[in-house]
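Bear in mind these aren't lab numbers, they're just calculated from the coordinates by the rules spelled out. As the structure is a prediction and not an experimental result, all values here were calculated from the model. A quick note on method: Cβ atoms are made from the backbone with ideal geometry, for glycine too, and the neighbour counts reach across all protein chains shown.
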Amino acid sequence: MQKRPVEVLYYDGSSAIAHPALIRPLDQHLIQLSYIDDENRDVEIPYKMMAFIGAVGRRPAIVELPNDARIEFIGRVPHWFAKPQKAIYEAIWQLERSPAQLLTLLVLALVMIFSVVKWVIPWGAKQVAVWVPDNTVQRIGDVTEQNLVKRTETSALSADYQNRMRQRYQQEIAENPHAPAKLIFRKGKELGANALAIPNNTILVTDELVAIAGNEEEVLAVLAHEQGHIVRQHAMQKLIAASSVAMAWEMIFQDGSSMLTAAAVMLSDADYSKRLEYEADDYAMKHLHARGISSIHLSNFLQRVENARVLAQEAATLKMDNITIKILGEERQPTASELKFIRFAGKLKRYTESHPELEKRIERIHAFDAKMSEQAVSRD
């Protein structure tokens, strides 16, 4: 069957003048271009010399050729035009004129992106974290530790307390007593009440967190939770996941200049995902139980934080110069010690934001404790 020629505009590359022309297929590898205004001028063009750029919006489809020449289609690209990319651009062209299809594809794309970010990347990060070389983990941890030290101040806790807690941690909590995590105490400043697991087998605890704890056992329970982050390599999972998102961003938008740097700095914050927090809680509960320590100590600490949550949210928005408090029906200015406590409670806001669903975590710990108690009774 004879394939009909198609009218196009041809730019020969030597001038900006558009020459009306006809193109027709000669075979599956070659087309012929004939000038309409000059019947004696024909050009044979192989497909392998073409760079097809499909129609987008109101812009017509074009074919770029060597030496700045190009063919510009006036209407739709003919069905016989054999350039492979044509099918892709034809599909885009059809979608632009079909809002329903475009919306459907957009929804599917969003669902796919959500699924990849929520499930695929975390799963992949967990698998990859196991294979990260130890020296790489150590270097990342050292940089993170240096960054945290710069953001904090020297601890005001007594040397006796720090040494005692290090000794108790090594004897009662450490996964490997012969190679325990390095325990650092620092005044948190903007970090507030926090404990952070650093990939280089280091746990940083702020003075503000120690101040919240009711006793040393609660601090040890928090250390067990942070040790869970280290043992389960949560920091590396978090970094790998963030780096994956950064690389995807760079591939799509060609703008990844600072994404990986930001991902490394991100390890200095205690904003693990809910899944990782639950995993660290599970580790801490089982580890504490195996060491003969009640996991309720961790629950008690979280309860103290939860009790201060509302006060923290309110205190964060208060102007300390004009604040008044009402006690036993009497409204008055707070004392210096009361103001200090309110400011301290305000620092808890960061902890409650970075450790979501404290009530749920507390419930899970109590459920675990009840289960262990039932098992102990049944054995007796």
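Cross-link pairs exceeding 25 Å in C-alpha to C-alpha distance, out of Lys238/Lys286; Lys126/Lys150; Lys118/Lys189, comprise Lys126/Lys150; Lys118/Lys189. Model label points for Gln32 and His79, set 7 angstrom from Cα along the Cα-to-Cβ axis, are 2.3 nm apart. Summarised as an ellipsoid, region 144-191 has semi-axes of 22, 14, 7 Å, derived from the eigenvalues of the Cα gyration tensor scaled by 5 and square-rooted, with the largest first. With each label modelled as a point 7 angstrom along the Cα→C-beta vector, the Gln146-Leu108 pair spans 4.9 nm. Here region 1-73 is treated as a Stokes sphere of Kirkwood radius computed over C-alpha pairs; at 25 °C and 0.890 mPa s its diffusion coefficient rounds to 193 µm²/s. Placing a pseudo-label 7 Å from each Cα along the Cα-to-Cβ vector at Arg58 and Ser115 gives an inter-label distance of 3.9 nm.
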